[in-house]
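Everything on this sheet refers to the single structure shown next.
The values are calculated or read from the model by the stated rules, or taken from the named source; none is laboratory data. All values derive from a computational prediction rather than experimental measurement. Because the Cβ atoms are built from the backbone with ideal geometry, glycine has one as well, and the counts that use them run over all protein chains shown.
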Ligand code: SF4
Ligand code: SF4
């Protein structure tokens, strides 16, 4: 990515005595994971293009605690949550957008009863809003002849019933969207959730991500679109297991849009 | 002497219903062993869910063939039971077809019961074939061996026999009406049983009365027996599906509850004014146990879930872990919970209502850690369940116990968690570097 990105922290906004329109919650994967960092940058490129006045927390951001909660460590989760809530409330944050459905889910659903109530959006929802409001427009020729299949992240789809926003955004690329035989409510998990991302799977006869990429490959796609950094890793590994990395790429919805700008 | 049948009938009825009441009491006692949760919220959504999911069978039709067959058997079962009302009144009063004065309405009712009965027979046969001849994947998993498999077939046999008895009874009745037998009022329409009646041509009135009476008696005794079989069977769902869908999760599936006991402790830890050496308040009870290792640690809804489970396996067939050969099966989680709860209940029965520790628990003795850790928390099981059961919530409670009470998470997860504690991220990176991605 050659363009310099414009990213300001909440601290800088405070110093200027201003409030941003929205806070971009980058998440741990988006901050540290090499593949996910590209997704963060693609999303910022979109925000910059649409002239969105957004902030990040930078070094004041800490893990949401989501993965600890799914692993059963309620203590660690609530510690993290309360620390984050203190900072978010201190800055009087109202609206948050994130590229990670796990952060999205926990911020939106599990933070309120601990004292942190915000309007939380998944990045595909926010991109959809930008397009609808006419703040973001593009030709979208880049993927015109491509077949794209979207893998529903469990924590966006089933967990929070958001199936349409990513699909509507993808339509703007003018690619042809193809659905896997299990999609939306009945989508198969990529295998990363519930803290599985951080451990070896239990004994079985196949890895879940290999099974899920098989679903995707059956649609003969050029691109598998994802909306979650963990799904992205899992699907990328799955493609490699099927030895299809030459012909099929795995890209986040934000990347597909950023590349279309 | 004339009243002997009436007396026998009333006795059978009292005995059947009495036994059923005893089972219901046991059932509620066992469910109440669970922890209390307040579910008085969202009552209009809850009513809607119950009507849509339990009454309207909305989740059943996701799989169209099984769904349609199930709707037939379900409707058949409910509607034909209107007939049971007449049987009971007749049995007690010694009348015959007491609702006959309803005239055309009565004919219509009896006629439609017969058609439904035939449809039920067809569906039950198809169900049996699915279970035994086609060997549908989800019916031959390890947890279905033994009693669960027998139970599944048993219900089909009972339904088949009950429907056949109903039609036989009507056929004999119809024939008796043709012969102007005394006491057999001319009433009802017999679109199906008239064909059975053809076989009864030439039988004497006496023989026909015997056939009619025997079918009538076995039919009603069968229904009473079936009522009492429920408690021991996955068929309990015909009752519990209603409360269970009512009390099912109304929050987004991704939202897990926040443990209030943990919140209190965390708040204390984070409060700069709290005195760490302060003497504990007077009323501090024994610190609450985090998570669940046995059925009493679960909520009453989770225990009701276990009794409601129909063992249909829709959850398991959607489970990514199970599909890829892992040991985890959400159906087994529910079946194990019920089995253990029954064991606890029997223990209490044998010890004057007090539970005497038996050195066993749900975790390890029924559900292994390997199963618990294989879950991706994807909610596919929750989505698939036709009666709003949440197997995932039990898995999470058991993880909470393992992690917070036993520090027994898999090593890799412990590493991940200590990274979060130390660096605010599940990986060992410096929190100061959080913004480096911008300029890379
Ligand atoms: S939540 Fe867990 S048990 Fe349920 S389907 Fe997903 S992996 Fe299986
Ligand atoms: S939990 Fe639900 S889906 Fe799973 S076997 Fe029981 S009734 Fe069927």
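The single condition among (1) modelled with pLDDT of 95 or more; (2) within 16 Å of ligand 1 (Cβ to nearest atom) that residue B:346 does not satisfy is (2). Pairing each residue of region B:297-326 that is under 16 Å from residue B:142 (Cα atoms) and facing chain A (nearest Cβ under 9 Å) with any residue that is away from ligand 2 (no atom under 14 Å from the Cβ) and in a helix (DSSP H, G or I), provided the two are 6+ apart or on different chains, yields C-beta distances under 6 Å for B:324/A:208; B:324/A:211. For region B:367-395, give me the residue count where each residue is near ligand 2 (Cβ under 8 Å from one of its atoms) and in a helix (DSSP H, G or I). Selection size over region B:367-395: 3. Take the conditions (1) buried (at least 17 other Cβ atoms within 10 Å of the Cβ); (2) closer than 26 Å to residue B:260 by Cα; (3) without any contact (Cβ under 8 Å) to a residue 40 or more places away in the chain; residue B:288 misses just one of them, which is (1).
Listed here are the residues, each with its yes/no results for (1) under 26 Å from residue A:67 (Cα atoms); (2) surrounded by 18 or more Cβ atoms within 10 Å (Cβ to Cβ); (3) at pLDDT 95 or above; (4) away from chain B (no Cβ under 14 Å).
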{"residue": "A:161", "(1), (2), (3), (4)": "yes, no, yes, no"}
{"residue": "A:164", "(1), (2), (3), (4)": "yes, no, yes, yes"}
{"residue": "A:174", "(1), (2), (3), (4)": "no, no, no, yes"}
{"residue": "A:182", "(1), (2), (3), (4)": "yes, no, yes, no"}
{"residue": "A:186", "(1), (2), (3), (4)": "yes, no, yes, no"}
{"residue": "A:191", "(1), (2), (3), (4)": "yes, yes, yes, no"}
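One residue is enough: does region B:352-375 have a residue meeting the conditions more than 24 Å from residue A:228 (Cα to Cα), touching a strand residue (DSSP E or B) at 6+ places or on another chain (Cβ under 8 Å) and near ligand 1 (Cβ under 10 Å from one of its atoms)? No.
Look at region B:143-170: where a residue is free of Cβ contacts under 8 Å to residues at least 60 places away in the same chain and a partner is not in a helix (DSSP H, G or I), sitting 6+ places away or on another chain with Cβ atoms under 9 Å, you get B:149/B:140; B:167/B:190; B:167/B:192. Screening B:159, B:83, B:143 for residues that are in contact with a helix residue (DSSP H, G or I) (Cβ under 6 Å, 6 or more places away or on another chain), at pLDDT below 90 and either under 20 Å from residue B:317 (Cβ atoms) or part of a helix (DSSP H, G or I) (or both) leaves exactly one candidate, B:83. When residues in region B:165-216 are screened for being at positive phi and under 42 Å from the mean Cα position of the chain (by Cα), 1 of them pass.
Taken across region B:334-341, residues that are within 14 Å of chain A (Cβ to nearest Cβ) and assigned to a helix (DSSP H, G or I) do not occur at all.
The set of residues in region A:239-257 that are within 28 Å of residue A:46 (Cα to Cα) and more than 14 Å from the chain's Cα centre (by Cα) comprises A:239, A:245, A:246, A:247, A:248, A:249.
Restricting B:358, B:364 to residues that are part of a loop (DSSP other than H, G, I, E, B), away from ligand 2 (no atom under 16 Å from the Cβ) and in the same structural domain as residue B:300 (by TED's automatic domain parsing) narrows the list to B:358. Of the residues A:62, A:28, the single one that is surrounded by fewer than 22 Cβ atoms within 10 Å (Cβ to Cβ), in contact (Cβ under 8 Å) with a residue 12 or more places away in the chain and within 7 Å of another protein chain (Cβ to nearest Cβ) is A:62.
Of all the numbered requirements in (1) more than 8 Å from chain A (Cβ to nearest Cβ); (2) within 15 Å of ligand 1 (Cβ to nearest atom), residue B:418 misses one, and that requirement is (2).
Does any residue of region B:53-75 turn out to be farther than 25 Å from residue B:381 by Cα and surrounded by fewer than 16 Cβ atoms within 10 Å (Cβ to Cβ)? Yes, because at least one residue in region B:53-75 is farther than 25 Å from residue B:381 by Cα and surrounded by fewer than 16 Cβ atoms within 10 Å (Cβ to Cβ).
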